[in-house]
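**Q** Dropping the structure in here first, questions after.
Just so you know, all these numbers are worked out from the coordinates, no wet-lab data involved. These figures come from a predicted structure and were not determined experimentally. We place every Cβ from the backbone using ideal geometry, glycine too, and count neighbours over all the protein chains shown.
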Amino acid sequence: MLIDTHCHLTFKDFDGKVSEIIERAEKVGVLQLVSVGVNLEDSLKNLKLAERFEGVFATFGVHPSDASTWEDGFLDVFLEKIREGWDKREKNVVAIGEIGLDYYHMRAPKEKQIEVFRKQLQFAKKVQLPVVVHSRDAFEDVFAILEEEAMESVVFHCFAEGRKEAEKVWANEWHTSFTGTVTFEKNEDLHEVAMLCPDELYFLETDSPFLTPQKYRGQRNEPAYVIEVAKVMAELRGQSLEQVEWQSTKNAQSFFGLPRVE
Ligand SMILES: [Zn+2]
């Protein structure tokens, strides 16, 4: 089986199609999906999906591009919802994310992004959840803040840096996650990272509806296509597809605390 560790089932491209998208994913062995929140409203929608579909899990977070929407009361809402899951003895929220810094789009001022990022990192530590990090043209600041906050469970989602940065991430036993961008032929720096990544430190994801793998380019992306990411990872790493499926699933299940399914 495979896990799509990062998709956005709430985005409007998927409106009214979530059931069929989950079915198509199941058909190719993608049995668990982590649907990632980008602001408070979206996080609550993801939680609803997680409650409705067995293989779907939610994250809570405010994306750096949504940092201007931040209100301090958000963390109380997060906490209340996470507690409800604990009370029901189910893990309804599996990570805090996606959070981070985006100096490429710069949709909120730097200082605001940093403030919102830090608050959510501190919250993640308090509730003992891993963090899903979005970093775009901001690696140095993101990395420094994660170290200052002494974060333990971290994934750099859609890793897009080179070997030097990847090695710093791995040295802290943080994870790098690969999307359809690794399937692009010209992405040689990323191919090198995918090849060198330690077995225990990677996941696979689609970031759908964005970042469609090479094979389906021009179409909307969806969780079933994480299989294309797995195939290319196997090729680059000189491993069998089964090995990549097994390892990436094991890594993701232990990071997010997902139930084992056969
Ligand atoms: Zn995303």
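**Q** Which stretch or stretches of the stretch 23-55 have amide N atoms under 19 Å from the point lying 7 Å from residue 234's Cα along the Cα→Cβ direction?
**A** It comes to 25-32, nothing else.
**Q** Considering the alpha-carbon set of the stretch 117-224 alone, what are its Rg and its Dmax in angstrom?
**A** Cα only, the stretch 117-224: 14.4, 42 Å (Rg, Dmax).
**Q** Sorted by packing (mean other beta-carbon atoms within 10 Å per residue), highest first, where do 237-248, 92-103 land? Working shown, then result.
**A** Working: 237-248: 15.8, 92-103: 24.9.
Averaged packing, sorted descending, gives the order 92-103, 237-248.
**Q** Over 10 Å intervals from 0, what percent of Cα-Cα pairs in the chain sits in each interval?
**A** For the chain, the binned pair fractions read 7, 33, 39, 19, 2 percent.
**Q** Right, something else. Return the sequence-ordered ³J(HN,Hα) values of the stretch 187-195 in whole Hz as given by the Karplus equation 6.51 cos²θ - 1.76 cosθ + 1.60 applied to θ = phi - 60°, using x for Gly and Pro.
**A** 7, 5, 4, 5, 4, 5, 4, 4, 5
**Q** Can you tell me the length gained on complete extension of the stretch residue 137 to residue 27, counting 0.36 nm per residue apart and subtracting the Cα distance?
**A** Value of the extension gain: 35.9 nm.
**Q** Where does the charge balance sit around residue 152 when Lys and Arg score +1, Asp and Glu -1, over other residues with C-beta under 12 Å from its C-beta? Before the final figure, lay out each step's value.
**A** Details: positive: 125; negative: 147, 149, 173.
My count for the surroundings of residue 152 gives -2.
**Q** Let me ask another. Could you name the lysines whose alpha carbon sits less than 24 Å from that of residue 186, not counting residues in the same chain fewer than 8 places away?
**A** Of all the lysines, those that pass the test against residue 186 - Cα under 24 Å, at least 8 places apart if same chain - are 164, 168, 215, 231.
**Q** Evaluate the distance, in nm, between pseudo-label points positioned 7 Å from the Cα of residue 122 and of residue 148 along their respective Cα→Cβ axes.
**A** 1.2 nm
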